[in-house]
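Enquirer: Got a structure here, written out as structure tokens. Questions coming.
The values are calculated or read from the model by the stated rules, or taken from the named source; none is laboratory data. What you are looking at is a predicted structure, and each value in this text was computed from that prediction instead of being measured. When we count neighbours, we look across all protein chains shown, and the Cβ atoms used for this are built from the backbone with ideal geometry, even at glycine. These area figures cover heavy atoms from the full protein model, side chains too; ligands, DNA and RNA do not enter into them. Shrake-Rupley method; radii C 1.70, N 1.55, O 1.52, S 1.80 Å.
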Amino acid sequence: MDKLRLRFSKTGRAVYISHLDMMRTMQRAFLRAGYALKYSEGFNPHAQISILLPLSVGCASVCELMDFTLTEVSGLAELPGRLSAALPEGIRAMEVYAPETKAKQLKWLEIEGRFEYDGRDSVAMAEALNGFFARESMVIRKKTKRGEAESDIAPAVRSFSAMEGEEAVLVRAVISAQEPTLNPELLPSALRQLVPELAPDFAEFTRLETYGENMSVFR
Amino acid sequence: MDKKLKRILPRVQKPARYTGGEYNQIIKNKAEVDLRMAFCFPDTYEIGMSNVGMRILYSTINSMTGVWCERVFAPWGDMEEEMRAAGVPLYALESGDPVADLDAVGFSIGYEMAYTTVLNMLDLAGIPLRSEDRTELLPLVFAGGTACCNPEPMAQFMDLFVIGEGEEMDNELLELLRTAKRGGWSKKDFLCRAADIEGVYVPSLYEPEYNADGTLRCVTPLDGAPARVRRRIVKDFDDSHFPTRQIVPSTEIVHDRVNLELFRGCIRGCRFCQAGYVYRPVRSRSVDRLLEQGLESLKNTGYQEITLSSLSSSDYRQLPELCDGLLDYCRERSISLALPSLRADNFSMEIMQKVQSVRKSGLTFAPEAGSQRLRDAINKNVREEDLLESCRVAFAGGWNGVKLYFMLGLPTETDEDVVAIAQIAKDVLHCWRENALNKNRGVRITVSTSCFVPKPHSPFQWEKQIPMEEYLRRVNLLRGEMNMRNVTYNWHDPETGFIEAALSRGDRRLGAVLEQVWRDGGRLDAWSDYFSFERWRRAFEKCGLDADFYAARERGRDELLPWEVVDTGVRREHLWRERERCYASELSPDCRTQCTGCGANALIGGVCNG
């Protein structure tokens, strides 16, 4: 049976559901909605589902993609509606289609960030942020599996802009989704390391859109 | 979501425990709600959400129009620290509103070691700990659950206790509270009226007096309160409410599955087992009803596993029919059926083989005692032949692991009985060698022992617990005998068991100790990460109370016991007779074979259906 792709959003209280828990939640939601996921063969069968880019805990998204296979393809038109009704608060299925792209072609992510600066001026901070992220190179320390490593994150930030928002600075950026993967949390982390005076008191992110190599929308 | 909370959550472990928002949670319109309750479970989300009782009551309470019941769990240490630092009070998961703003705060206490967590949760909610310090009617703070069948240790903190099964009682209580809230009653007026509800115990309406030796002299009921509070039960269990639209947690919990309750009570009468006495009489649910509830629950939750729960599932009369019915549905959907609490007998093994035809999980048996003599004395009528026959069937069927649970320190136990545990392990190992399907895969036999804790309302309620040093001596004796490869011996530390023993048969004076332990930083004491024996020892000392008086003292036949204000339906004479039969190593028949006249049938007003 052919692979299908689900586009869904994960916002509100649901952003604290971890990747593994999300996989479990999806499997149960498909059952509740009356769609049978295809299971792997073998001693310990598991549903054949794969979320294209695991989302870190705390990060929201309106452009999540998940590949799956059904044992029987029928009622696809109603799938988003029925699945949404079977999902926890904050998770909504938007569309289902047969994908024409491969997961590895997903290259860029557009993200929105809310940087909160307690008792500081948003206009000035936004300006300073734009200045900082225009740098050619931003070498920071990153935790890796083998301890700490230095890495230049600038090539992974394709574009960056900050503007004044309500009680916060609103950030828009296009960052590398894969090879290398840039966790949005590294943006405030870079500030803490290189320009502590620009580090926000709190930052939260939402994934807005997925793009391919040439910045065409990835579906 | 609260701004402060939003900043905390990314920093704590498993934040999804603290957000609510799960599928099937119940959200009500505040404008249409006139009474709000916080259902508090004094342990973590993972433990609390695994509790069937909480799920049932969440559903029955929310079935009341105009009443909204929400869930509250204890935060783990990292979250608690963050909440205190940020000034975030304990909040209800569904609405995110502070617990203190709700009208009723009810705790489900299943285990004595959760007492300090109850105090910590009250404090996190900003609610004064002691009932007398809460002069207003609202929020009403109360508790129920198994650990409340001796309500006395927590008596000073609770406005009232709901003793027994809550399905009907809780709703009657909340209805009265709604009337009181509307009518602007005083707390005292409300409590006096609440004491008329069957099963409700209002501790402030009872005055205990003590003898010079520290034992209880008498308890005087005040303001017309009943002399004893009779445990409330659901008479028609088949017809009682069972939620089939249960919450599906978005993060993994301990028992992450549909849980079907086959029956309440137990026909066996093991003399050490509190549950076997306090949940009497036996009341079952019909196969048809169970199948209906099971299938509906699976459909509504999407769970891939279902388990049957009761105190002794093998004793459900129509177990084969039920399993067949469930398997018909489950097989083609890759849903697994789990059967805990099976007895080690042939009948159970047949069912086990049927159920576990796909995956072979571990087998667990609880012979409880090593020798037949001691098993007879505690009325655990499992014979070694049965156990070995079950193991034979299991090993021949491809199982390669068995867990065996025992207690050390049971009344009448001798060194011979202790050493007999090792013999059982040897016999099981031998049985594997004779019958294993594939010996190359090896075998894992795990023997665990814990220290026996005498519990109130059981035939051993008069017993002393053996001292910790004696428990450890017996552990070492057993260790010396456990020298087989393939056999692992685990023993629980005796310290938690000792404190549990002191609390479970404690009186009202222990409230001071609980408060002291909490003030000294104690909470989540059921977790070895947090339990500190030293802290408990200090608290007993500071309060001038002797833990041995509660844990290690044999009570006299005529001594008035602090928990006897609760009438479970089982008569004291019956418990005493069972205790004497223990010392004579005499078995008592199970309820089905012959009624032993415990008295619990009075609760359903007639003959019970074992």
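Enquirer: With the dipole of the protein assembly as shown worked out from charges on the C-beta (+1 for Lys and Arg, -1 for Asp and Glu) around the Cα centre, which of B:A512, B:A501, A:I153 lies farthest toward the positive end?
Expert: Projecting each Cα onto the dipole axis, the largest value belongs to A:I153.
Enquirer: Running a GNM on chain A with Cα contacts under 10 Å, which residue among A:A162, A:A124, A:A149 ends up with the highest mean-square fluctuation?
Expert: A:A149
Enquirer: Take the Cα radius of gyration of chain B and divide it by 2.2 N^0.38 Å, with N its residue count; two decimals is plenty.
Expert: In units of the globular-protein estimate, chain B measures up at 0.96.
Enquirer: For the stretch A:86-212, would you read off the P(r) tail past 19 Å as a percentage of all alpha carbon pairs?
Expert: Summing the P(r) of the stretch A:86-212 above 19 Å gives 54 percent of all pairs.
Enquirer: Summing -39500 (n - 2.57) over the DSSP H runs of n ≥ 4 in chain B and dividing by its residue number, what mean residue ellipticity at 222 nm do you reach, to the nearest 500 deg cm²/dmol?
Expert: It lands at -10500 deg cm²/dmol.
Enquirer: What are the radius of gyration and Dmax of the stretch B:526-590, computed over its Cα atoms and given in Å?
Expert: For the stretch B:526-590, the Cα radius of gyration and maximum Cα-Cα distance read 17.1, 47 Å.
Enquirer: Please state the shape class of the stretch B:3-230: rounded when a/c is under 1.5, otherwise prolate if a/b exceeds b/c and oblate if not, all from the C-alpha gyration tensor.
Expert: Judged from the Cα gyration tensor, the stretch B:3-230 comes out prolate (a/c at least 1.5, a/b above b/c).
Enquirer: For the stretch B:346-446, what's the radius of gyration and Dmax over Cα atoms, in angstrom?
Expert: That works out to 14.0, 43 Å for Rg and Dmax.
Enquirer: In whole angstrom, note down how far apart the Cα centers of the stretch B:66-124 and the stretch A:57-71 are.
Expert: So the separation of the two Cα centres works out to 33 Å.
Enquirer: Can I ask one more? If the elastic network links every pair of Cα atoms under 10 Å, which of A:E127, A:E166, A:E110 fluctuates the most in the Gaussian network model of chain A?
Expert: A:E166
Enquirer: Give, to the nearest whole percent, the P(r) tail of the stretch B:394-501 beyond 23 angstrom, counting all Cα pairs.
Expert: 36
Enquirer: Treating only the Cβ of Lys, Arg, Asp and Glu as charged (+1, +1, -1, -1), what charge dipole size does chain B show about its Cα centre? Round to the nearest 20 debye.
Expert: In debye, rounded to 20, chain B gives about 1020.
Enquirer: What is the Rg over Rh value, at two decimals, for chain A, using alpha-carbon atoms and the Kirkwood definition of Rh?
Expert: We get a ratio of 1.02 for chain A.
Enquirer: I've got another one for you. If you take every DSSP beta bridge fully contained in the protein assembly as shown, what fraction is antiparallel? Give it as a percent rounded to 5.
Expert: 55
Enquirer: A follow-up question, please. Given the DSSP H assignment, sum -39500 (n - 2.57) over each helix run of at least 4 residues in chain A and divide by its residue total; what's the result at 222 nm in deg cm²/dmol, nearest 500?
Expert: Value at 222 nm, helices only: -5500 deg cm²/dmol.
Enquirer: Please compute the alpha carbon radius of gyration of the stretch B:98-187, then divide it by the globular-protein estimate 2.2 N^0.38 Å. Two decimals is fine.
Expert: Taking N as the residue count of the stretch B:98-187, the ratio is 1.04.
Enquirer: Still on this structure, I have one more. Which order do peptides B:283-292, B:1-10 fall in by mean Cβ count within 10 Å, highest first?
Expert: Ranked from most to least packed, the peptides come out as B:283-292, B:1-10.
Enquirer: Taking the Cβ of B:D427 as the centre, find all other residues whose Cβ is under 15 Å away and add up their charges (Lys, Arg: +1; Asp, Glu: -1).
Expert: -1
Enquirer: Label-point separation (nm) for B:E209 and B:R441, each offset 7 Å from Cα along Cα-to-Cβ?
Expert: Roughly 6.8 nm, to one decimal.
Enquirer: Given R₀ = 22 Å, FRET efficiency for B:S532-B:H492 by Cβ-Cβ distance, to 0.05?
Expert: 0.85
Enquirer: What's the average, rounded to a whole number, of partner chain beta-carbon atoms within 10 Å of each residue's beta-carbon in A:31-40?
Expert: 2
Enquirer: Rounded to the nearest 5, what is the percent of antiparallel bridges among the DSSP beta bridges in chain B?
Expert: 20
Enquirer: Per-residue mean of other chain beta-carbon atoms within 10 angstrom of the beta-carbon, peptide B:13-25?
Expert: If you average over the peptide's residues, the count of other-chain Cβ atoms is 5.
Enquirer: So, one more: What's the magnitude of the charge dipole for the stretch B:3-230 around its Cα centre, counting Lys and Arg as +1 and Asp and Glu as -1 at the beta-carbon? Answer in Debye, nearest 20.
Expert: The calculated dipole for the stretch B:3-230 is roughly 780 debye.
Enquirer: So what's the net charge close to B:T117: Lys and Arg +1, Asp and Glu -1, counting the other residues with Cβ under 12 Å from its Cβ?
Expert: Residues near B:T117 contribute -4 overall.
Enquirer: As a test of reading the structure, rank A:T101, B:T568 by solvent-accessible area (1.4 Å probe, protein chains only), most first.
Expert: Ranked from most to least accessible, the order is A:T101, B:T568.
Enquirer: Here's another thing I want to ask about it. For the peptides A:116-123, B:377-384, B:274-281, what is the packing order when you average, over each peptide's residues, the other Cβ atoms within 10 Å and list the highest mean first?
Expert: Averaged packing, sorted descending, gives the order B:274-281, B:377-384, A:116-123.
Enquirer: Report, in order of residue number, the helices in chain B meeting two criteria: a C-alpha extent of 30 Å or more along the helix axis, and a mean Kyte-Doolittle hydropathy of at least -0.5; treat each whole DSSP H run as one helix.
Expert: Answer set is B:415-435.
Enquirer: Suppose the chain between B:D520 and B:H430 were pulled fully straight at 0.36 nm per residue; how much longer would it get relative to their current alpha carbon spacing?
Expert: 27.3 nm
Enquirer: Still on this model: Size of the dipole of the protein assembly as shown about the Cα centre, Lys and Arg at +1 and Asp and Glu at -1 on the beta carbon, nothing else charged, in debye to 20?
Expert: The calculated dipole for the protein assembly as shown is roughly 1600 debye.
Enquirer: Select from B:L177, B:P89, B:G144 the residue farthest towards the positive end of the dipole of the stretch B:3-230; place +1 on Cβ of Lys and Arg, -1 on Cβ of Asp and Glu, and compute about the Cα centre.
Expert: B:P89
Enquirer: In addition: So for the stretch B:246-367, Kirkwood radius off the Cα pairs, Stokes-Einstein at 4 °C and 1.567 mPa s: how many µm² s⁻¹?
Expert: So the translational diffusion coefficient is about 85 µm²/s.
Enquirer: Turning to a different aspect of this structure: Rank A:G90, B:N29, B:N381 by how far each Cα sits towards the positive end of the charge dipole of the protein assembly as shown (+1 on Lys, Arg Cβ; -1 on Asp, Glu Cβ) and give me just the farthest.
Expert: B:N381
Enquirer: Something else about it: Based on the inverse mean of 1/r over its pairs of different Cα atoms, what is the Kirkwood hydrodynamic radius of the protein assembly as shown, in Å?
Expert: 29.7
Enquirer: Compute and list, largest first, the equivalent-ellipsoid semi-axes of the stretch B:440-522 from the alpha carbon gyration tensor, each √(5λ) rounded to a whole angstrom.
Expert: 33, 16, 12
Enquirer: Find the Rg to Rh ratio for the stretch A:4-100, where Rh is the Kirkwood radius over alpha-carbon pairs and Rg uses the same atoms.
Expert: Reported Rg/Rh (Cα atoms, Kirkwood Rh): 0.94.
Enquirer: Average partner chain C-beta neighbours within 10 Å, per residue of B:296-302?
Expert: 3
Enquirer: With all protein chains present, calculate the accessible area of B:W491 using a 1.4 Å probe and round the result to the nearest 10 Å².
Expert: Rounded to the nearest 10, the figure is 100 Å².
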